[in-house]
Amino acid sequence: MEYQGRHTRRVLLKAALGSAAGLALASPGRLFAAGQAPAASATQRLADDLYVITVPGAENVLARTGAGGVVLVDGGAAASSDAILKAVAALPGAGPVRTLFNTHWHPSQTGSNETLAKAGAQIIAQENTRLWTTTDVKWPWNGQVFKRLPKAAQPNKTFYTNGTLEPGIRYGHLPDAAHTDGDLYVYFEPQNVLAVGDVVSTAGWPTVDYITGGWAGGMVGATQRLLTIANEQTRIVPSRGPVLSYADLKAQASMYATIYERLSTLLNRGRGPSEAVAAKPTKEFDAQMGNPDEFVRRAFESLWAYLSPDA
Ligand SMILES: [Zn+2]
């Protein structure tokens with residue numbers, strides 16, 4: 001119950017923050033650029049029974065095949081769902097999808113929920129993720145509204161801390177709240193592959209979704225936590241972009257620690273989001289990660305949500 005209370009308080013706090021900040025319209029989040037016609041999918045084999053499926057314009061889906069049915073991590077956006085499920089069905093040894101993990105509530109992850117649940121799949125998510133799918137969410141920075149999911153599309157098996165799906169498949173909450181407050185990882189032990197959703201990616205700066213709990217400090221905590229779950233040989237599968245190595249994960253953890261420290265310093269000096277952007281706190285990473293302005297703005301605002309004395 002304590003957890004639920006914290007969740008609710010944070011929602012209220014963030015709603016207040018959004019209106020107080022009076023943010024101007026920005027371009028729609030690239031994560032949710034919808035409507036592209038899904039072209040041919042690409043399949044990357046990580047092991048005999050483990051594949052990354054990428055439909056152009058959609059985020060990565062990780063598929064584990066086996067006698068008991070397919071286990072998926074994330075299901076892509078609704079517009080890409082048909083193409084993704086076709087690609088899954090075409091994998092060697094594929095059967096029906098038995099289990100789908102939602103790494104978080106975003107539409108790019110939950111677009112196959114309804115189809116798969118109606119076909120009998122178990123949809124596993126951290127309880128906060130389920131809660132976000134039961135309510136409309138509005139991003140104040142660009143006005144984007146995400147409608148609650150129909151009951152049939154909501155995760156039907158939730159957990160708070162961690163669990164084991166079967167021997168060799170462990171999953172757990174990343175309570176640091178890097179991207180949202182319901183982020184989960186799934187670790188496929190025999191294949192030594194770790195699925196991390198949108199917590200880590202080298203393919204551009206993330207959306208810091210502080211409306212549903214993500215924050216810059218959480219990016220530091222969660223990347224450091226993932227380093228303790230992974231080992232030097234682990235391959236890390238993010239929602240966006242290429243599969244990462246342990247060294248890549250380490251570099252991300254160190255990058256976010258540097259940025260967090262700079263943003264905290266700016267906050268303590270009484271600076272605001274625009275001054276944070278002007279201070280270029282990400283400058284040595286921009287060549288790799290791209291234009292940082294929206295990221296820096298959101299990351300700075302996320303500090304208000306977590307660190308302000310009246311929060
Ligand atoms: Zn996301």
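Bear in mind that the values in this text are calculations on the coordinates, not laboratory data. Because the structure is a prediction, the values reported are computed rather than measured. Glycine also receives a Cβ, built like all others from the backbone with ideal geometry; neighbour counts cover every protein chain displayed.
Restricted to segment 216-230, and to residues that are more than 23 Å from Phe300 (Cβ to Cβ) and in contact with a Phe, Trp or Tyr (Cβ under 7 Å, 6 or more places away or on another chain), which residue is surrounded by the most Cβ atoms within 10 Å (Cβ to Cβ)? Top of the filtered list is Leu226. Scanning segment 216-234 for residues that are within 15 Å of the ligand (Cβ to nearest atom) and either part of a loop (DSSP other than H, G, I, E, B) or among the small types (Gly, Ala, Ser) (or both) turns up Gly218, Ala222.
This table checks each residue for (1) among the aliphatic types (A, V, I, L, M); (2) away from the ligand (no atom under 16 Å from the Cβ); (3) in contact with a strand residue (DSSP E or B) (Cβ under 8 Å, 6 or more places away or on another chain).
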residue: Arg98; (1), (2), (3): no, yes, yes
residue: Thr115; (1), (2), (3): no, yes, no
residue: Lys118; (1), (2), (3): no, yes, no
residue: Ile124; (1), (2), (3): yes, yes, yes
residue: Asp136; (1), (2), (3): no, yes, yes
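When each of Gly197, Gly213, Gly241, Gly272 is tested for being surrounded by fewer than 19 Cβ atoms within 10 Å (Cβ to Cβ) and within 16 Å of the ligand (Cβ to nearest atom), the lone residue that passes is Gly241. In segment 200-210, the qualifying residues are those that are polar (S, T, N, Q) and within 13 Å of the ligand (Cβ to nearest atom), and the one that is surrounded by the most Cβ atoms within 10 Å (Cβ to Cβ) is Ser201. Val186 fulfils the conditions (1) within 16 Å of the ligand (Cβ to nearest atom); (2) assigned to a loop (DSSP other than H, G, I, E, B) except for a single criterion, (2). Scanning segment 84-93 for residues that are touching a Ser or Thr at 6+ places or on another chain (Cβ under 8 Å) and touching a residue at least 60 places away in the same chain (Cβ under 8 Å) turns up nothing. Of the candidates Thr164, Thr158, the single residue that is in contact (Cβ under 8 Å) with a residue 24 or more places away in the chain and not aliphatic (A, V, I, L, M) is Thr158. Scanning segment 53-63 for residues that are touching a residue at least 24 places away in the same chain (Cβ under 8 Å) and either within 16 Å of the ligand (Cβ to nearest atom) or under 10 Å from Ser239 (Cα atoms) (or both), we see that the one that is surrounded by the most Cβ atoms within 10 Å (Cβ to Cβ) is Val61.
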